[in-house]
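Visitor: Please see the structure below; I have some questions.
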Protein chains: 2
Amino acid sequence: MTANKSSYHHGDLRSSLLEAAKAMLSESGIEGLSLRKLADRVGVSRTAPYHHFKDKNELLCAIAEEGFEHWHNNAEQIFSQNGLTTKQKYHQFFQGYIGYAAENPEMYDLMFGRTIWKQNSATNDLRDIAYPSFQRQVEMTKKWQEQGLMPVEEDTLRLAQVTWGTMHGIARLLIDGIYADRSHIDEMCTCAVNLFTRE
Amino acid sequence: MTANKSSYHHGDLRSSLLEAAKAMLSESGIEGLSLRKLADRVGVSRTAPYHHFKDKNELLCAIAEEGFEHWHNNAEQIFSQNGLTTKQKYHQFFQGYIGYAAENPEMYDLMFGRTIWKQNSATNDLRDIAYPSFQRQVEMTKKWQEQGLMPVEEDTLRLAQVTWGTMHGIARLLIDGIYADRSHIDEMCTCAVNLFTRE
DNA sequence: CACACATCTTGACAGCGTCAAAATAAGACT
DNA sequence: AGTCTTATTTTGACGCTGTCAAGATGTGTG
């Protein structure tokens, strides 16, 4: 169906746009990412991107998709590690989450920020990737309860919402530069894990 | 020095602008609040606001100031209540925080969102109001530790960051419409309070 | 070889924040 | 009083943004 590369006028505009857009995103954030500057950077006219993305929103969603994939692989990797107690793994997962947000603040802002999720502007493709990620959080919480790491008295869904909410909140405080800074990451994570886990 | 009211051309443009801006904010969010539409709404020309606010940013900061004041009074009121245990008060504080965010999502987004805090764009006036609010959070946490509500083993600052982070995170998940919705508020708050408090 | 289609460009429009310069009205001073 | 200074508001303009409509250009298929 679709040729692999170097066909048509530009070659593979769509992925070139995505790559450049990701770079611009991490350089200057969502606000600083304009379609016109993006087109300029790739070397095409202002409206060329519109033949590959219906909207600026659709472009942003496509970028976020890649972010979720990368994020998912990251979490998977941590959990497949051996020789760690459940609590150590959870600690590492927690720290990994905050670390990802701190190192990719603009991407995190895009993935979990209101630009996309506020007014239901998320693409179907993005939902298909993001929702399972949210669901996985609940499943993992259930396991943590069964393994005695987290209190079984609490409803699993609520517990998942609260623990993820904590990670999300700390991440946001960090990347929005309010009240907390990077040098506190490790201590904050340890503190949170202590509060959430028994033993 | 400055006349109280009904002097000059318009009367009291500054407060008229602020009031209209607050209305527009809650109607259509930060993104939907444009200086031009604001001026139009108040009945002045597009650049009139610039003699009362240097920037759009400065206007936003002025709005946020009012938000912090209202928010501060709200918290004060809860703590001055009698006939409640420490835990009940904390529960109510927690719920009040989330409730405020859920009922004033756009104002909360302005007060604690990246628009203002990201690139150090907060006004000095705003800082003077906001920073003590953050500080108060730490002091209250210290009291909660002393009263045996929260673990004394944890560093007060970290504990404050984590507990506030949790409130902030849940608030953001709610108002950004991701993963949680309003009907879960009470249960989430109870769950979080259970995790954070002893006894 | 021609036709259809995907792709890209040019032109245009409305909206935004903001600056400069001109117009207007109020208060202060002699 | 009247003049002057100063605060306030307006008009005009600039560059930026996202996006639509129409035209130009190249590619793959029949």
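The numbers here are math on the coordinates, done by the rules we state, and not lab data. These numbers come from a predicted model, not from an experiment. Please note: Cβ atoms are built from the backbone with ideal geometry, for glycine as well, and neighbour counts cover all protein chains shown.
Visitor: Work out the charge dipole of the range A:63-196 with +1 on the Cβ of Lys and Arg and -1 on the Cβ of Asp and Glu about the Cα centre, then indicate which of A:ASN74, A:TYR90, A:SER133 is farthest towards its positive end.
Guide: Toward the positive end, the furthest listed residue is A:TYR90.
Visitor: Treating only the Cβ of Lys, Arg, Asp and Glu as charged (+1, +1, -1, -1), what charge dipole size does chain B show about its Cα centre? Round to the nearest 20 debye.
Guide: Once rounded to the nearest 20, the dipole reads 400 debye.
Visitor: Nothing charged except the Cβ atoms of Lys and Arg (+1) and of Asp and Glu (-1): what's the magnitude of the dipole of the protein assembly as shown about its Cα centre? Round to the nearest 20 debye.
Guide: Result for the protein assembly as shown is approximately 740 debye, rounded to the nearest 20.
Visitor: A further question follows. Give me the net charge of A:CYS61's neighbourhood, meaning all other residues with Cβ under 12 Å from the Cβ of A:CYS61; Lys, Arg count +1, Asp, Glu -1.
Guide: Around A:CYS61, the surrounding residues sum to -3.
Visitor: Here is a follow-up. On the rotation axis linking copies B and A, which residue of B comes nearest by its Cβ, and by how many whole Å?
Guide: B:GLY169, 1
Visitor: Assuming 0.36 nm per residue, please report the length gained on full extension of the stretch A:ASN82 to A:LYS143 beyond their Cα-Cα distance.
Guide: 20.3 nm
Visitor: Top mean-square fluctuation among B:LEU17, B:LEU173, B:LEU126, Gaussian network model of chain B, C-alpha springs under 10 Å?
Guide: Of B:LEU17, B:LEU173, B:LEU126, the Gaussian network model singles out B:LEU173 as fluctuating most.
Visitor: Another question, if that's okay. Taking each label point as 7 Å beyond Cα in the direction of the beta carbon, state the distances from B:ARG14 to the same residue in the other copies, shortest first, in nm.
Guide: From this label point to the equivalent ones elsewhere in the assembly: 5.5 nm.
Visitor: Between copies, how close do the B:ARG36 label points come, placed 7 Å along Cα→Cβ, listed in nm from shortest?
Guide: Nearest first, the other copies' label points are 1.3 nm away.
Visitor: Going by the alpha-carbon gyration tensor, a ≥ b ≥ c the square roots of its eigenvalues, is the range B:129-199 rounded (a/c under 1.5) or, if a/c is not under 1.5, prolate (a/b greater than b/c) versus oblate?
Guide: Oblate.
Visitor: In Å, what Kirkwood hydrodynamic radius results for the protein assembly as shown from the alpha-carbon pair distances?
Guide: 23.1
Visitor: Next question, about the same structure. How much net charge surrounds A:VAL138 when only other residues with a Cβ under 11 Å from its Cβ are counted (Lys, Arg +1; Asp, Glu -1)?
Guide: In short, +2.
Visitor: Now for a separate question. Residues of A:147-155, mean number of Cβ from any other protein chain within 10 Å of their own Cβ, rounded to a whole number?
Guide: Mean inter-chain Cβ contacts per residue within 10 Å come to 2.
Visitor: How many partner chain Cβ atoms sit within 10 Å of a residue's Cβ in peptide B:170-183, on average, as a whole number?
Guide: The shielding value for this peptide is 6.
Visitor: Please check: in the Gaussian network model of chain A (C-alpha springs, under 10 Å), which one of A:THR156, A:THR85, A:THR141 has the largest mean-square fluctuation.
Guide: Its mean-square fluctuation being the largest, the pick is A:THR85.
Visitor: While we're looking at this one, here's another question. Can you tell me the 0 to 90 degree angle between the C-alpha axis of helix A:86-103 and the longest principal axis of chain A, rounded to 10?
Guide: Tilt of helix A:86-103: around 30 degrees.
Visitor: Largest first and in whole Å, what are the equivalent-ellipsoid semi-axes of chain A based on the Cα gyration tensor, each being the root of 5 times an eigenvalue?
Guide: 36, 18, 15
Visitor: Right, something else. Roughly how crowded by other chains is peptide A:108-114, in terms of the mean Cβ count from those chains within 10 Å of each of its Cβ atoms?
Guide: For peptide A:108-114, the averaged partner shielding equals 4.
Visitor: Same structure again: Using the structure shown, select from A:LYS22/A:LYS118; B:LYS87/B:LYS142; B:LYS37/B:LYS118; A:LYS22/A:LYS89 the pairs with a Cα to Cα distance greater than 23 angstrom.
Guide: Result: B:LYS37/B:LYS118; A:LYS22/A:LYS89 exceed 23 Å.
Visitor: Using a 7 Å offset from Cα along the direction of the beta-carbon, what are the separations from A:VAL138 to the same position in each other copy, nm, ascending?
Guide: Reported distances to equivalent positions: 3.9 nm.
Visitor: Expressed as a whole number of Å, what is the distance separating the alpha-carbon centroids of the range B:103-143 and the range A:29-86?
Guide: Each part's Cα centre sits 30 Å from the other's.
Visitor: Please give the contour-minus-distance gain from B:PHE134 to B:ARG46: 0.36 nm per residue of separation, less the Cα-Cα distance, rounded to one decimal in nm.
Guide: 28.1 nm
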